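Take a look at the structure below.
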Number of protein chains: 2
Amino acid sequence: MANLSPLQKLRYEYQPKLPTVLKGDVKNITVELGSPTESIANQAEVKDLFKKTYGLPVAKFVEGTNENAGKVINVGVILSGGQAPGGHNVIAGIYDGVKNGNKDSKVFGFKGGPAGIMNGNLVEITPEFMDEYRNTGGFDMIGSGRDKLESTEQFEMAKATCEKNNITSVIIIGGDDSNTNGAVLAEYFAANNAGITVVGCPKTIDGDLKNEHIETSFGFDTACKTYSELIGNIQRDANSAKKYWHFIKLMGRSASHIGLECALQTQPNICIISEEIEAKAQTLDSVVDDIVDVVVKRSQNGDNFGVALIPEGLIEFIPEMNVLISELNNLLAIEAESFAKAVGFDEQVKWIISKTTKAASDVFASLPKGIQAQLLMDRDPHGNVQVSRIETEKLLIEMVDKKLNDLKAAGKFSGSFNGLNHFFGYEGRCAFPSNFDADYCYSLGYTAFLLMNQGLTGYISNVKNLDKPATEWVAGGVPLTMMMNMEQRHGHLKPVIKKALVELDGAPFKEFKANRDEWAVNTSYLFPGAIQYYGPSEVCDLTTRTLALEKK
Amino acid sequence: MANLSPLQKLRYEYQPKLPTVLKGDVKNITVELGSPTESIANQAEVKDLFKKTYGLPVAKFVEGTNENAGKVINVGVILSGGQAPGGHNVIAGIYDGVKNGNKDSKVFGFKGGPAGIMNGNLVEITPEFMDEYRNTGGFDMIGSGRDKLESTEQFEMAKATCEKNNITSVIIIGGDDSNTNGAVLAEYFAANNAGITVVGCPKTIDGDLKNEHIETSFGFDTACKTYSELIGNIQRDANSAKKYWHFIKLMGRSASHIGLECALQTQPNICIISEEIEAKAQTLDSVVDDIVDVVVKRSQNGDNFGVALIPEGLIEFIPEMNVLISELNNLLAIEAESFAKAVGFDEQVKWIISKTTKAASDVFASLPKGIQAQLLMDRDPHGNVQVSRIETEKLLIEMVDKKLNDLKAAGKFSGSFNGLNHFFGYEGRCAFPSNFDADYCYSLGYTAFLLMNQGLTGYISNVKNLDKPATEWVAGGVPLTMMMNMEQRHGHLKPVIKKALVELDGAPFKEFKANRDEWAVNTSYLFPGAIQYYGPSEVCDLTTRTLALEKK
């Protein structure tokens, strides 16, 4: 801990805020259990798959006598999937809770994600080790990983690791998939009387793990604030130089929550919402037309600059692009030998156009060369096109530029268009958690401990009332099966936690829709600036516009 | 001002700190003038070109009776060139100084940079207009521009605008070129008895306008802190996921000050310093080898991840790349018709290789396809290769990847390498100025007013002792001619302010050099986090490592 930035030193001293009920002695925190619950859909199928953990009651922590307070428990923690700010504070909340319960209880970290519990790669968390990571970003404390924990063999490996280390509770900090796997693991342990409980925590910057119980996933707040800082800075630059259009792609996988939240925080000229594109079954061409329309209108006011936000998953929400990509995947797998004979880029393009359906070849032919090259060359080990690596922001700039040149030639556009591209993702996943995420994560971790302390399994830690000050937050647990339905995955019907996409009749999208035409043509930029950890509460403790609007 | 972010509202209330001597009544601030000065080189030539403004004394403001205090002056301000955080605070310092001098004095902003003074496009700055921009980033208050103010005709246009609006002083806020032009304009006005004084202010995020008098240019602090925030976040991500090498290109034109400062703030595995590459006359191939060497060493420790910083101007500092680019520029200009006959990318590449010298064609052939395509297609209106748009970060990733594949085939590398690319520039140029830049800029502006108040011309506003608290800063002015020498520009010998590149025997580079081998192989990342405007002084008022080391 010798070599630290000044902010990091200072953040160690931050004491995360807890809901009032969690502040007292563990002896005085008890659980209140509700009525039996049902899954959100496919109740019979889900019930059949989760014989031991289906229908559990919702749990809420209240003041009262806790008979289990001093019980020794040994806990193992897994960080699963992509990084999100606040993961270390979840661990801190668990750690402090466990130690407040009984100093002899232990907390272990499984290293490198789910692989750690399978391979028995773990580390005991000491007070010094814990202190080094309080209120810091990243998952570097114990590392993360994307391995799936889903087969019986893997469950047995996990069980063996827990038994060997006398671990009685496992906490999985992850997104919808990881929590789905957590639910299956909880059921497996229960069905096999393993004596190991499993509790989840809702993590993802993408914001797509939320529902009527879970108000937001952790990390979304900090990541969106970091991206919005940068978007605001770029907007100010665009409005100063008045000569560039900045196209900014934002991480967030399939869902456009991040784009929407950033748009509400910064008021850019354009923000594409994938879910709306899909609902309207828009073509790539019409998406480009919509952008061109804004560029032309602004240009007529003398404003040859602007900012457009592009969600990472856009391509997959444009039906015709989906057709093209699946044809390419099939074609290049089946006719790989024939394709290999097409030498040079120009020949390869001809080959593709001759082999695909008209719909697909038309779209392919309309794409800029660089993107065609990406589709042909940048494939994963299974030969599939790597959709997430397609530079959508460049694709749109080139297509917009081409259309504007045509309009200019036809005398319908007299402005200028210079596009610059950006992609923000890794910049925000490991920021120091905002005060909101620091507090929320610590509370989630502390609540996860209380669930384990009560011997509950198959739950996700749940902290609600998040639009209020932390003292008024409500802590409890929701049965994982309650958030499940059956969905097709790789050709099989599986029980999964439903992923939350942007709802077009939800308050955040409606707010955006009501304002976007004005933002498009006028320059109404907001400049959120860097995340502040110190100073007045109205700057430091604010959470997202999405949450505020959804709770209104 | 209806629709503002919480931080923006709060920043309006920030009162920038001033050196103690500037805090009092303008009546009690007087100027102390030193001995006559000389230019740094070519004294006879510079003196001959600046008959009226050569040899002026250094000015320093001290307590004392100011006979000029209440004099009415009307000032016009120009923001010149690329944005830098704090420009609005320079204007605020000028404005408050001018109004403290005499309420009847006026401040005008020339709109859109130097074009504004030439075309008579200006706006009077009212108290409300000024207040809207205090402590904000960007140049959007009056806009900026890159027009050069250098011909007699342009000087006459500027003179006419000033006379028409009764403006008696012009302030140019800009980098080395803009201040050079300011010096010539000051001389022109003096030689023609125009009765208009000219004062400059040292602006540029690139950090290359500094010398024995000017400790740093404004904006460098905020921009580097913003980039370092992002680099730190990405380092944390790299160290959490442990599977990516992030190659981050940083703005900064020719000089590598930004890269060096960010490296000192974040301790990445690799930071290339262009000035060192040039001094060693390294080839592109050997630059790639150096990177490969670090990747292999880290991989041997099981660390298949890392972060490398790449300065924007690198390509121009690699001698053989410079040869290639100038050959391409000549060739494509002279033999454009013949080139046009080469149809398709593969034919074009063959054509280039057949037409260039062996040295150039060897380098060209070694480049990845995407970069070859950029060199051939992405040319400016004069047909020249757009060096600044070459994606050096991608170029290096592809070349490193290729070498590692060869090493792997030879059994000399058993790790993995996945490169991700980033470019940071626009993200930091318009951030809310750090407290340091907010204070420094306000002081520079206030000092610029005092220079004008004393009737001085051909000076640059100068605030020194910047490693000390603001109260101990020393305010004054340095004659612009004092920082000049003669250099070849577009085939002519011209008087210019010398650009400061990274000095390989300077303290910042030495500090980097002493540590970089350790940072390369170990994971010694620092995480600076977001710029803090509130909270303890050790976090909020710190300036750059570069300045601290240079002043040590």
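The values are calculated or read from the model by the stated rules, or taken from the named source; none is laboratory data. Bear in mind that the values here come from a model prediction, so they are computed numbers and not experimental data. Don't worry about glycine lacking a Cβ; one is built from the backbone with ideal geometry, like all the others, and counts go over all protein chains shown. Surface areas here come from the heavy atoms of the whole protein model, side chains and all, with no ligands, DNA or RNA. Shrake-Rupley method; radii C 1.70, N 1.55, O 1.52, S 1.80 Å.
Please give the helices (runs of 4 or more DSSP H) falling wholly within region B:450-552 in which 1 or more residues are among the aliphatic types (A, V, I, L, M) and either more than 14 Å from every other protein chain (Cβ to nearest Cβ) or more than 29 Å from B:ALA431 (Cα to Cα) (or both). Give the derivation first.
Working: elements: B:507-521, B:537-540, B:545-551.
Per the criteria, B:507-521, B:545-551.
State whether one or more residues within region B:337-348 are open to solvent by less than 10 Å² (accessible area, probe 1.4 Å) and not charged (D, E, K, R). Lay out the reasoning, then the answer.
The first filter runs over region B:337-348 and keeps only residues open to solvent by less than 10 Å² (accessible area, probe 1.4 Å), leaving none.
Looking through region B:337-348, none of the residues is open to solvent by less than 10 Å² (accessible area, probe 1.4 Å) and not charged (D, E, K, R).
Looking at B:GLY232, B:GLY207, can you tell me which residue is touching a Pro at 6+ places or on another chain (Cβ under 9 Å) and within 20 Å of B:GLY428 (Cα to Cα)? Steps first, please.
Working: B:GLY207 fails: touching a Pro at 6+ places or on another chain (Cβ under 9 Å).
None of the other options fit; the residue is B:GLY232.
Residue by residue through region A:198-214, note down the ones that are over 23 Å from A:SER434 (Cα atoms) and open to solvent by less than 20 Å² (accessible area, probe 1.4 Å). Break it down into steps so the answer makes sense when it comes.
The first filter runs over region A:198-214 and keeps only residues over 23 Å from A:SER434 (Cα atoms), leaving A:198-199, A:212.
Of everything in region A:198-214, those that are over 23 Å from A:SER434 (Cα atoms) and open to solvent by less than 20 Å² (accessible area, probe 1.4 Å) turn out to be A:VAL198, A:VAL199.
Is at least one residue of region A:454-471 at positive phi and open to solvent by less than 10 Å² (accessible area, probe 1.4 Å)? Quick ask: steps written out before the conclusion?
Start the filter on region A:454-471 by keeping residues that are at positive phi, which leaves A:455, A:458, A:465.
Now drop any that are not open to solvent by less than 10 Å² (accessible area, probe 1.4 Å), which leaves A:458.
Within region A:454-471 (the criterion being at positive phi and open to solvent by less than 10 Å² (accessible area, probe 1.4 Å)), the answer is yes, since at least one residue qualifies.
Can you find a residue in region B:415-435 that is of a type outside the set (Phe, Trp, Tyr), assigned to a helix (DSSP H, G or I) and either open to solvent by less than 10 Å² (accessible area, probe 1.4 Å) or not assigned by TED's automatic domain parsing to the domain that holds B:GLY302 (or both)?
Restricting attention to region B:415-435, the residues satisfying the condition of being of a type outside the set (Phe, Trp, Tyr) are B:415-416, B:418-422, B:425, B:427-431, B:433-435.
If we keep only those that are assigned to a helix (DSSP H, G or I) as well, we get B:435.
If we keep only those that are either open to solvent by less than 10 Å² (accessible area, probe 1.4 Å) or not assigned by TED's automatic domain parsing to the domain that holds B:GLY302 (or both) as well, we get B:435.
Checked region B:415-435: at least one residue is of a type outside the set (Phe, Trp, Tyr), assigned to a helix (DSSP H, G or I) and either open to solvent by less than 10 Å² (accessible area, probe 1.4 Å) or not assigned by TED's automatic domain parsing to the domain that holds B:GLY302 (or both).
Residues are listed down the side, and each one gets a yes or a no for (1) in contact with a Ser or Thr (Cβ under 8 Å, 6 or more places away or on another chain); (2) within 14 Å of chain B (Cβ to nearest Cβ); (3) in a helix (DSSP H, G or I):
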{"site": "A:PHE339", "(1), (2), (3)": "no, no, yes"}
{"site": "A:VAL343", "(1), (2), (3)": "no, yes, no"}
{"site": "A:ASP346", "(1), (2), (3)": "no, yes, yes"}
{"site": "A:ILE352", "(1), (2), (3)": "yes, no, yes"}
{"site": "A:ALA360", "(1), (2), (3)": "no, no, yes"}
{"site": "A:PHE364", "(1), (2), (3)": "yes, no, yes"}
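Restricting attention to region B:380-414, and to residues there that are open to solvent by 40 Å² or more (accessible area, probe 1.4 Å) and in contact with an Asp or Glu (Cβ under 8 Å, 6 or more places away or on another chain), which single residue is nearest to B:ILE270 (Cα to Cα)?
B:LYS403
If you take the residues of region A:406-441 that are among the aliphatic types (A, V, I, L, M) and closer than 30 Å to A:PRO469 by Cβ, which of them is nearest to the other protein chains (Cβ to nearest Cβ)? Don't jump to the end; show me each part of the working.
Within region A:406-441, the subset among the aliphatic types (A, V, I, L, M) is A:407, A:409-410, A:420, A:431, A:438.
Pick out the ones that are also closer than 30 Å to A:PRO469 by Cβ and you get A:431, A:438.
Numbers: A:ALA431: 5, A:ALA438: 12 Å.
This residue is A:ALA431.
Mind checking whether some residue in region B:472-482 is surrounded by fewer than 22 Cβ atoms within 10 Å (Cβ to Cβ) and charged (D, E, K, R)? Even if it seems obvious, please write down each step before you answer.
Start the filter on region B:472-482 by keeping residues that are surrounded by fewer than 22 Cβ atoms within 10 Å (Cβ to Cβ), which leaves B:472, B:474.
Pick out the ones that are also charged (D, E, K, R) and you get B:472.
Scanning region B:472-482 turns up at least one residue that is surrounded by fewer than 22 Cβ atoms within 10 Å (Cβ to Cβ) and charged (D, E, K, R).
Look at region B:266-318 and say how many of its residues are over 17 Å from B:LYS402 (Cα atoms), in contact with a Ser or Thr (Cβ under 8 Å, 6 or more places away or on another chain), open to solvent by 30 Å² or more (accessible area, probe 1.4 Å) and outside any loop (DSSP other than H, G, I, E, B).
Looking only at that region, the number is 1.
Residues of region A:145-166 being modelled with pLDDT of 95 or more and either touching an Asp or Glu at 6+ places or on another chain (Cβ under 6 Å) or assigned to a loop (DSSP other than H, G, I, E, B) (or both), which ones?
Within region A:145-166, A:ASN165, A:ASN166 meet the criteria.
For (1) free of Cβ contacts under 8 Å to residues at least 12 places away in the same chain; (2) small (Gly, Ala, Ser); (3) on the phi < 0 side of the Ramachandran plot; (4) open to solvent by 40 Å² or more (accessible area, probe 1.4 Å), each residue gets a yes or a no:
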residue	(1), (2), (3), (4)
B:PRO16	no, no, yes, no
B:VAL21	no, no, yes, no
B:GLU32	no, no, yes, yes
B:ALA41	no, yes, yes, no
B:GLU45	no, no, yes, yes
B:PHE50	no, no, yes, no
B:ALA59	no, yes, yes, no
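Every residue in region B:95-119 that is more than 13 Å from chain A (Cβ to nearest Cβ), open to solvent by 10 Å² or more (accessible area, probe 1.4 Å) and outside any strand (DSSP E or B), please.
B:TYR95, B:ASP96, B:LYS99, B:ASN100, B:GLY101, B:ASN102, B:LYS103, B:ASP104, B:MET118, B:ASN119
In region A:131-163, which residues are under 20 Å from A:CYS441 (Cα atoms), of a type outside the set (D, E, K, R) and out of contact with any strand residue (DSSP E or B) (no Cβ under 8 Å at 6 or more places or on another chain)?
Going through region A:131-163, the residues under 20 Å from A:CYS441 (Cα atoms) turn out to be A:131-145.
Add one more test, that the residue is of a type outside the set (D, E, K, R), and what stays is A:133, A:135-139, A:141-145.
Answer for region A:131-163, where residues must be under 20 Å from A:CYS441 (Cα atoms), of a type outside the set (D, E, K, R) and out of contact with any strand residue (DSSP E or B) (no Cβ under 8 Å at 6 or more places or on another chain): A:TYR133, A:ASN135, A:THR136, A:GLY137, A:GLY138.
How many of the residues making up region B:372-391 are in contact (Cβ under 8 Å) with a residue 40 or more places away in the chain and acidic (Asp, Glu)?
Number satisfying all stated conditions: 1.
Just checking, does region A:10-31 include any residue being within 27 Å of the chain's Cα centre (by Cα), outside any loop (DSSP other than H, G, I, E, B), of a type in the set (Lys, Arg) and not assigned by TED's automatic domain parsing to the domain that holds A:ASP208?
Yes, there is a match, as at least one residue in region A:10-31 is within 27 Å of the chain's Cα centre (by Cα), outside any loop (DSSP other than H, G, I, E, B), of a type in the set (Lys, Arg) and not assigned by TED's automatic domain parsing to the domain that holds A:ASP208.
Let's see how each residue does on (1) under 29 Å from B:ALA115 (Cβ atoms); (2) touching a Phe, Trp or Tyr at 6+ places or on another chain (Cβ under 8 Å):
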residue	(1), (2)
A:ASP237	yes, yes
A:LYS249	no, yes
A:GLU275	no, yes
A:ALA281	no, no
A:GLN300	yes, no
A:GLU316	no, no
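Please tell me if B:ILE171 is part of a strand (DSSP E or B), out of contact with any His (no Cβ under 9 Å at 6 or more places or on another chain) and either open to solvent by less than 10 Å² (accessible area, probe 1.4 Å) or without any contact (Cβ under 8 Å) to a residue 12 or more places away in the chain (or both).
On the way: part of a strand (DSSP E or B): yes; out of contact with any His (no Cβ under 9 Å at 6 or more places or on another chain): yes; either open to solvent by less than 10 Å² (accessible area, probe 1.4 Å) or without any contact (Cβ under 8 Å) to a residue 12 or more places away in the chain (or both): yes.
Yes, satisfied.
Does region A:128-148 include one or more residues that are crowded, with 20+ Cβ neighbours inside 10 Å, closer than 24 Å to A:LYS51 by Cα and more than 14 Å from chain B (Cβ to nearest Cβ)?
Looking for residues that are crowded, with 20+ Cβ neighbours inside 10 Å, closer than 24 Å to A:LYS51 by Cα and more than 14 Å from chain B (Cβ to nearest Cβ), one finds none in region A:128-148, hence no.
Based on this model, can you work out whether A:LYS47 counts as part of a helix (DSSP H, G or I) and away from chain B (no Cβ under 14 Å)?
On the way: part of a helix (DSSP H, G or I): yes; away from chain B (no Cβ under 14 Å): yes.
Yes; evaluated as a whole, the condition is true for this residue.
B:LYS71 fails exactly one of the following numbered conditions: (1) open to solvent by 50 Å² or more (accessible area, probe 1.4 Å); (2) not in a loop (DSSP other than H, G, I, E, B). What is the number of that condition?
Among (1) open to solvent by 50 Å² or more (accessible area, probe 1.4 Å); (2) not in a loop (DSSP other than H, G, I, E, B), the lone unmet condition for B:LYS71 is (2).
Taking the condition of being at the interface with chain B (Cβ under 9 Å from one of its Cβ atoms), hydrophobic (A, V, I, L, M, F, W, C) and open to solvent by 10 Å² or more (accessible area, probe 1.4 Å), how many residues in region A:215-253 meet it?
Counting residues in region A:215-253 that are at the interface with chain B (Cβ under 9 Å from one of its Cβ atoms), hydrophobic (A, V, I, L, M, F, W, C) and open to solvent by 10 Å² or more (accessible area, probe 1.4 Å) gives 1.
Can you find even one residue in region A:79-94 that is without any contact (Cβ under 8 Å) to a residue 40 or more places away in the chain and either surrounded by fewer than 21 Cβ atoms within 10 Å (Cβ to Cβ) or more than 21 Å from A:GLU427 (Cβ to Cβ) (or both)?
Residues of region A:79-94 without any contact (Cβ under 8 Å) to a residue 40 or more places away in the chain: none.
No, there is no match, as no residue in region A:79-94 is without any contact (Cβ under 8 Å) to a residue 40 or more places away in the chain and either surrounded by fewer than 21 Cβ atoms within 10 Å (Cβ to Cβ) or more than 21 Å from A:GLU427 (Cβ to Cβ) (or both).
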